[in-house]
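The values are calculated or read from the model by the stated rules, or taken from the named source; none is laboratory data. As the structure is a computational prediction, the values presented were derived from the model and not from experiment. Cβ placement follows ideal geometry from the backbone for every residue including glycine, while neighbour counts extend to all protein chains displayed. In case anyone asks, the SASA skips ligands and DNA or RNA and just uses the protein heavy atoms, side chains included. Shrake-Rupley method; radii C 1.70, N 1.55, O 1.52, S 1.80 Å.
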Amino acid sequence: METLEIKDKTKTKDMLIGLGLLGFLFILLVILEHTIRPTSILFTVLKKGAIYALVAVSMNLLNGFTGLFSLGQAGFMLLGAYTYGIFTIPVDLRPQVYQYFDGGLIQFTLPVIIAMILAGLVAAGFAYLIGLPVLKLKSDYLAIATLGFAEIIRAIFQWDKIGVITNGSNLLRKYPYFKSVTFYFAVSAVCIAIIVLLINSTYGRAFKAIRDDEVAAEAMGINLAHHKRLAFVISSFFAGISGALLAMFQTTIQASQFKSAMTYEILLIVVIGGIGSVTGSCISSFLFIACSEWWLRFLDNSNLNLTSVQILRPGFRKVVFSIVIMCIVLFYQKGIMGENEFSIKGIRKTLRKLLCRKI
């Protein structure tokens, strides 16, 4: 009983500290928005990092906590982005957007929040239908099937036959979007909090049991098909919302943007952060975006060469970035956080390790 009480107290402390840090972060973001110019690259990194944190956590729910190897996140993000864009373009601006399709088929507009929820529901609906046959597959076969789905969806949305809805291969634009970085953080934080609550619930424990041993999980009375489908649908729902956020961030939508490379980037973020760690996915998302969009940009500038050998040139940033990723994977094989989460106990362990190394 005493041990359980201590664990409960520790969890309460971790939760309070997490909420305190989150509140401090929001206050800091508000201060930054009023002190730094809006065009700063910092805000680009923060917005995109928040979006990728949400989609990485949603992918981790499936790959890390349920043990289902899916590569269809780009497809679900595409569904979410298009759903948001299609249903939020003002009616009077639709003739300008759907100029080749007589103003389009949809002639009404939904509020932003409702459209975002609908974006998640559309992605979840497709996930349910796809999951019926696909979730019977395992490992690499499931990954190939979901990747194939993402590519098929991308091709269909560029098909001119349904251009009255998707605008074919043309851009979707003139829909509402937000410049405030706090909006992206708020939406991502709420969604990630819901995923964390799910992971810590009985459903989350069932997901982990399926990941560890399907035979043992089924012997304990867990319905494998139901729980796998549930994890797949929930993961896709939040991927759809992240797609809507990405549409706002980019201010335009085109199906060709949602290539398989996007899914690989998300998978890379999950692996770097730690498969089975929500905290790791969040941290690695911001590190990944900061490195690729900001910190290593100078490596593409050939005018900065200080030696006779011209090393720096356009594209060299990607070479260095790949080497950095390889080093992380080699020295942190379980990722930055492994399967651990942010906690007082974890901080103490890390500090002890660092002190022991120095001694």
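Miscellaneous remarks
- Compared with the direct C-alpha span, the chain from residue 222 to residue 151 gains 22.3 nm at full extension, assuming 0.36 nm per residue.
- Using R0 = 35 Å, the C-beta based FRET efficiency linking residue 165 and residue 193 works out to 0.60.
- Estimated vicinal HN-Hα couplings, Hz - the stretch 145-159 in sequence order (Karplus 6.51, -1.76, 1.60; Gly, Pro = x): 5, 5, 5, x, 4, 4, 5, 5, 4, 4, 5, 5, 5, 9, 6
- Taking each DSSP H run with n ≥ 4 as -39500 (n - 2.57) and averaging over every residue of the chain yields -22500 deg cm²/dmol at 222 nm.
- Globularity ratio of the stretch 170-301, using Cα Rg and 2.2 N^0.38 Å: 1.27
- Once the 1.4 Å probe is applied to the protein heavy atoms, the stretch 75-222 comes out at 50 Å² accessible per residue.
- Relative pair counts by distance (%), Cα atoms of the stretch 76-132, 5 Å bins: 4, 21, 24, 19, 16, 10, 5, 1, 0
- Comparing 20, 75, 120 in a Gaussian network model of the chain (Cα springs below 10 Å), the most mobile by mean-square fluctuation is 20.
- Rounded percent of accessible protein surface that carbon and sulfur make up, the chain, 1.4 Å probe: 67 percent
- Rel. contact order, % - alpha carbon contacts under 8 angstrom, at least six apart, the chain: 27 percent
- Measuring nothing but how far apart in sequence close Cα pairs (under 8 Å, 6+ apart) lie, relative to its length, the stretch 174-248 scores a relative contact order of 37 percent.
- Which of 53, 70, 105, positive extreme of dipole for the chain (C-beta unit charges): 53
- The phi-based Karplus calculation (6.51 cos²θ - 1.76 cosθ + 1.60; θ = phi - 60°) puts the 3J(HN,Hα) values of the stretch 30-43 at 4, 5, 4, 5, 9, 10, 10, 4, x, 7, 4, 5, 4, 5 Hz, whole numbers, x for Gly and Pro.
- With a Förster radius of 51 Å applied to the beta-carbon distance between residue 37 and residue 205, the computed FRET efficiency rounds to 0.60.
- Across the options 203, 39, 185, the greatest Cα extent toward the positive end of the charge dipole of the chain (unit charges at beta carbon of Lys, Arg, Asp, Glu) belongs to 39.
- Gained length - residue 99 relative to residue 330, 0.36 nm times residue gap less alpha-carbon distance: 78.0 nm
- Computed Rg/Rh of the stretch 156-225, alpha carbon atoms with Kirkwood Rh: 1.27
- 191, 282, reordered so the largest accessible area comes first (probe 1.4 Å): 282, 191
- Quotient of C-alpha Rg and 2.2 N^0.38 Å, computed over the chain: 1.06
- Packing rank of 239-251, 166-178, 22-34, where each peptide gets the mean count of other beta carbons within 10 Å, highest leading: 239-251, 166-178, 22-34
- Start at zero, step by 10 Å, and the Cα-Cα distances of the stretch 256-295 spread as 32, 48, 19, 0 percent across the bins.
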